[in-house]
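Inspection log for the structure reproduced underneath, given as structure tokens.
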Amino acid sequence: MFKIIVDLFLLVIIQVAITPFIRRLAFVLGAVDNPNARRVNKKPMPTIGGLGIFVTYNIGTFILLREQFPTHELFALLLASSVIVLTGMIDDILELKPGQKMGGIFIAAMITYFLAEIRMTELNIPFTGQTINLPWYLSLPITIFWILALTNAVNLIDGLDGLAAGVSCISLLTMGIVGYFFLRNQGLYVPIACLMLAACLLGFLPYNFNPAKIFLGDTGALYLGFMISVLALKGLKNVTFISLLVPVIILGVPISDTVYAMIRRKLNKKPISQADKHHLHHQLMNLGLTQRQTVLVIYALSLIFSFVSMLFLLSPIWAMVLLLVGLLIAVELFVESIGLLGEKYKPLSHLINRLVLHSTHTKEPDVEVWHQGEAKPRKWQERSKGGHKPAEKNSGKKQ
């Protein structure tokens, strides 16, 4: 274990050393992110930072910690991740269409399924104890969808300096802890791989945090999303309902942002693949936060999701249900408060307001008091004109 810790620190140092070379290579290749209407950077910024992470991680797997990884899976994942990195680099240099990027991810997912043989094969039905063996015609689309969805979720959140790298680092550290303490049925392969990738990101963040010197680019965002999806899938090879929810909760920030982006574009009758400036980080900045403050807020949200995921594994069934319901309500209220789906879309907030107002509103009795001989109040006179006149007490005078 001591050797593993030392090698993780060594990976951080290697990443710190290699990133400046990747930065210069980006300028040579023309992988530069120029400012435009959708960008927040004000000057040309070198991208393909993910190439350095890819190189450093494979130095760790093929040299430093080679004995921890099975040979067949190691080479199959190298091939699949190389397809992802190549797709990202082409996009960073030439800018691919969304369908072309999805094609690259799909090829990598197919390699993962057929060559690495990392796939969902069983599904445990919650509260029944029954297990379903998934046939290939269910296992294949579920596996492909999982990889496509998580890869794109991480890619979509990559909009500010250090955002995708930091959120991915928090998620990977949490996955490593969860894998080591709760899901060791697959051995130490998954937690070690998660911690190695997190170490690479720790070495990259000093160059990527605001003010950034280099961007992850699609090279890095796609690679991180792909590796997180595959490592989560590897730990969930025999899937239970509870363990299936854990990585979804850990990746709550990018997944929520992606889901609400799809809903927002559907509500506005726009193509789901069409980019916009209404993502989570955009909305937080519209509230007046700086880039750095926005990133730190989203880091905090990621830590909350990670903490909830660990509570989830330590809780009994009834507490898990309460945690999940509470988390969903909290996410919806937060989304409505920052206007992620638009200023007018606040159904849960409006429902809560109506319930609160209804419970606190009590109708006071309609009592009017006046002294004998004084003019009657206006309301009484209006009622008298309307034909409804309450009985008066006899004052002793003739009527």
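Annotations
- Here Leu148 meets the list (1) surrounded by 22 or more Cβ atoms within 10 Å (Cβ to Cβ); (2) in contact (Cβ under 8 Å) with a residue 40 or more places away in the chain almost entirely, failing just condition (1).
- Being touching a residue at least 60 places away in the same chain (Cβ under 8 Å) and among the hydroxyl-bearing types (Ser, Thr, Tyr) is a description that does not apply to Thr71.
- Only residues that are within 15 Å of Leu224 (Cα to Cα), among the hydrophobic types (A, V, I, L, M, F, W, C) and surrounded by fewer than 17 Cβ atoms within 10 Å (Cβ to Cβ) were counted in segment 80-101, giving 1.
- Here segment 182-194 is the region considered, the condition is being closer than 14 Å to Ile250 by Cβ and out of contact with any Lys or Arg (no Cβ under 6 Å at 6 or more places or on another chain), and the residue that is modelled with the highest pLDDT is Cys194.
- Scan of segment 175-225 for residues that are small (Gly, Ala, Ser) and within 25 Å of Ala108 (Cβ to Cβ), ordered by number: Gly176, Gly179, Gly187, Ala193, Ala198, Ala199, Gly203, Gly217, Gly220, Ala221, Gly225
- When segment 9-29 is filtered for residues that are of a type in the set (D, E, K, R) and in contact with a strand residue (DSSP E or B) (Cβ under 6 Å, 6 or more places away or on another chain), only Arg23 remains.
- Residue within segment 122-140 that is crowded, with 18+ Cβ neighbours inside 10 Å, in contact with a Ser or Thr (Cβ under 7 Å, 6 or more places away or on another chain), in contact (Cβ under 8 Å) with a residue 12 or more places away in the chain and part of a helix (DSSP H, G or I) present: no
- Residue within segment 256-263 that is of a type outside the set (S, T, N, Q), modelled with pLDDT under 80 and assigned to a helix (DSSP H, G or I) present: no
- Residue in segment 53-72 that is modelled with the lowest pLDDT, counting only those that are touching a Leu at 6+ places or on another chain (Cβ under 9 Å) and farther than 18 Å from Ile5 by Cα: His72
- Hey, Gly288 surrounded by fewer than 17 Cβ atoms within 10 Å (Cβ to Cβ), free of Cβ contacts under 8 Å to residues at least 40 places away in the same chain and at positive phi or not: yes
- Just one of the listed residues (Thr174, Thr131, Thr112) is polar (S, T, N, Q) and under 22 Å from Leu74 (Cα atoms), and it is Thr112.
- In the set Leu313, Leu301, Leu327, Leu322, only one residue is more than 26 Å from Asp161 (Cα to Cα), of a type in the set (A, V, I, L, M, F, W, C) and without any contact (Cβ under 8 Å) to a residue 60 or more places away in the chain; that residue is Leu322.
- Positions within segment 62-79 being under 22 Å from Ala149 (Cβ atoms) and surrounded by fewer than 17 Cβ atoms within 10 Å (Cβ to Cβ), in sequence order: Leu79
- Elements of type helices (runs of 4 or more DSSP H) in segment 306-399, at least 2 residues being of a type in the set (D, E, K, R) and either modelled with pLDDT of 85 or more or in contact with a Gly (Cβ under 9 Å, 6 or more places away or on another chain) (or both): 317-338
- Any chance Phe106 is under 22 Å from Ile142 (Cα atoms), among the aromatic types (Phe, Trp, Tyr) and at pLDDT 90 or above: yes
- Residues that are in a helix (DSSP H, G or I) and basic (Lys, Arg) occur in segment 284-293; there is at least one.
- Residue count, segment 157-188 (criterion: among the hydrophobic types (A, V, I, L, M, F, W, C) and touching a Pro at 6+ places or on another chain (Cβ under 7 Å)): 3
The values are calculated or read from the model by the stated rules, or taken from the named source; none is laboratory data. Remember, predicted model here, so these are calculated numbers, not experimental data. Neighbour counts are summed over all protein chains in view; Cβ atoms, including those assigned to glycine, are modelled from backbone coordinates with ideal geometry.
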